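Asks: Sharing a structure with you now.
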Amino acid sequence: MLEVNKVSLKYGQSPILHDVSFTAPVGQVTTIMGTNGVGKTSLLRALSGRHPYTTGDITLDGEALNHVSAVQAARKGIAYVPQGREVFPMMSVAENLETGFACLPKGDRSVPDRVFDLFPVLLEMKDRRGGDLSGGQQQQLAIARALITGPKVLLLDEPTEGIQPNVIQQIGRAIAQLRDRGDMAIVLVEQNVDFAFRAADHFVMMKRGEVWRKMQKDKCTRQDIIDSLAL
Ligand SMILES: Nc1ncnc2c1ncn2[C@@H]1O[C@H](COP(=O)(O)OP(=O)(O)OP(=O)(O)O)[C@@H](O)[C@H]1O
Ligand SMILES: [Mg+2]
C-alpha cells in the first residue's frame, strides 16, 4: 500500500500542492481527478521522485520513501507513465521497452512475456520506430515500459488523453487485468469521467492543489463525480 501524508510541493516560490493525503491500496485503482492545473501531474512527479516536495511523507508498504530520486523510486517499485507518453520516437518499440531496464540489475534484464500478453500489438510492432506508432499504441508502449520493472505501484497520468475510443477500451481492459492480479497499487490520473468511473475503485478529488473530497465507487454515481468536478 502506498501512503501519502500531507505532501506539499512548490515550483520556485509558487506553492502548488498543499497537504495532500491519500492511500492507494494494492489490488485497487485509486483515481485522482480534478480540472486542468490543479496539480495532478505535480503530485505524480512528487510520488515518482521527479520533483522534490517541501513537506510530508510518502511510504510504501510501511517503508519511508522520503525524498528519493527518480531512480531510487523506480528501484523501490514505483513506476511512472508520464502524461504525453514520452516514447522515444527514433528508437524501436523493443529499444523503448529496454529503457525500462535502466534501474534493474543486469541479471534481471528481460522483457516479461506478460507485457506482450497485455499488449500483443507491441510484439507485432517490436521492430517499428516509436514515432511511427499511433497515439494509442504509444500509450500501450509507455505502460508496458513502466511494467518492465515489476512495480508495486503504477502511476498513470491521463492515459486516455488524445486516444481513439477503441484503444481507450483496450487500455481500460489492461488496467483492470493489472488490478485483478492483485500485486500492485494503481494510481490513475484521469479527466475522462466515463473511463475513470469504469476503472476506479475509489476517487481522490483535487481542487487548487488540495484533496477536497474522497469517494468510494460503490457509494457514488457517475453524476456525483461530474458534480464534484464542477463544484
Ligand atoms: N515546471 C513548472 N514550473 C512552474 N509551474 C509549473 C510547472 N509545472 C506545472 N506548473 C504549474 O503548476 C500547476 C499545476 O500543474 P500540473 O501540471 O501539476 O496540473 P495538472 O492537474 O496535471 O493539469 P493538467 O490537467 O492540465 O494536466 C499549474 O498552475 C501549472 O501551471
Ligand atoms: Mg497533468
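A short reminder: the numbers here are calculations on the coordinates, not readings from a lab. As the structure is a computational prediction, the values presented were derived from the model and not from experiment. Heads up, the Cβs are rebuilt from the backbone with ideal geometry, glycines too, and the neighbour counts pull from every protein chain shown.
Asks: Full-extension gain between N66 and Q216, please, as 0.36 nm times their residue separation minus the C-alpha to C-alpha distance.
Replies: Length difference between fully extended and current span is 51.2 nm.
Asks: With a ≥ b ≥ c taken as the square roots of the eigenvalues of the C-alpha gyration tensor of region 112-184, please select rounded if a/c is under 1.5 and otherwise prolate if a/b is larger than b/c or oblate if it is not?
Replies: It comes out oblate by the Cα gyration axes.
Asks: Based on the mean of other Cβ atoms within 10 Å per residue, sort peptides 41-51, 20-30, 90-100 so the most packed one is first.
Replies: Order by mean packing, descending: 41-51, 20-30, 90-100.
Asks: Taking the Cα-to-Cβ direction at I226 and at D183 and moving 7 Å from each Cα, how far apart do the two end points lie in nm?
Replies: My value for the distance between the label points is 4.0 nm.
Asks: Would you please classify the overall shape of region 52-211 from the alpha carbon gyration tensor, given that a ≥ b ≥ c denote the square roots of the eigenvalues, rounded means a/c under 1.5, and beyond that prolate means a/b larger than b/c while oblate covers the rest? Show your work: numbers first, answer last.
Replies: Numbers: a/c = 1.67, a/b = 1.17, b/c = 1.43.
Taking the square roots of the gyration eigenvalues as a ≥ b ≥ c, region 52-211 is oblate.
Asks: Hey, what angle do you get for helix 135-147 against the long axis of the chain, alpha-carbon based, 0 to 90 degrees rounded to 10?
Replies: So the helix axis and the longest Cα principal axis differ by about 90 degrees.
Asks: Something else: Based on alpha-carbon centroids, what's the gap between region 55-107 and region 150-203 in Å, whole number please?
Replies: Result: 18 Å between the Cα centres.
Asks: Related question: I need E86, E210, E63 ordered by Cβ neighbour count within 10 Å, fewest first.
Replies: E63, E86, E210
Asks: If you take every DSSP beta bridge whose two residues both sit in the chain, what share of them, in percent to the nearest 5, is antiparallel?
Replies: 55
Asks: With runs of 4+ DSSP H residues as the only contributors, calculate the mean residue ellipticity of the chain at 222 nm using -39,500 (n - 2.57) per run, divided by the residue total and rounded to the nearest 500.
Replies: Helix contribution divided over all residues of the chain: -9500 deg cm²/dmol.
Asks: Now for a separate question. Could you give the dipole magnitude of the chain about its Cα centre, charging the beta-carbon of Lys and Arg +1 and that of Asp and Glu -1, in debye to the nearest 20?
Replies: The calculation lands at about 280 debye.
Asks: Pairs to check: K6/K106; K10/K76; K6/K76; K126/K219; K10/K214. Give those whose C-alpha atoms are more than 32 Å from each other in this structure.
Replies: Numbers: K6/K106 37 Å; K10/K76 24 Å; K6/K76 21 Å; K126/K219 43 Å; K10/K214 23 Å.
Listed pairs above 32 Å: K6/K106; K126/K219.
Asks: Next question. For the peptides 172-179, 160-167, what is the packing order when you average, over each peptide's residues, the other Cβ atoms within 10 Å and list the highest mean first?
Replies: Ranked by mean Cβ neighbours within 10 Å, highest first: 172-179, 160-167.
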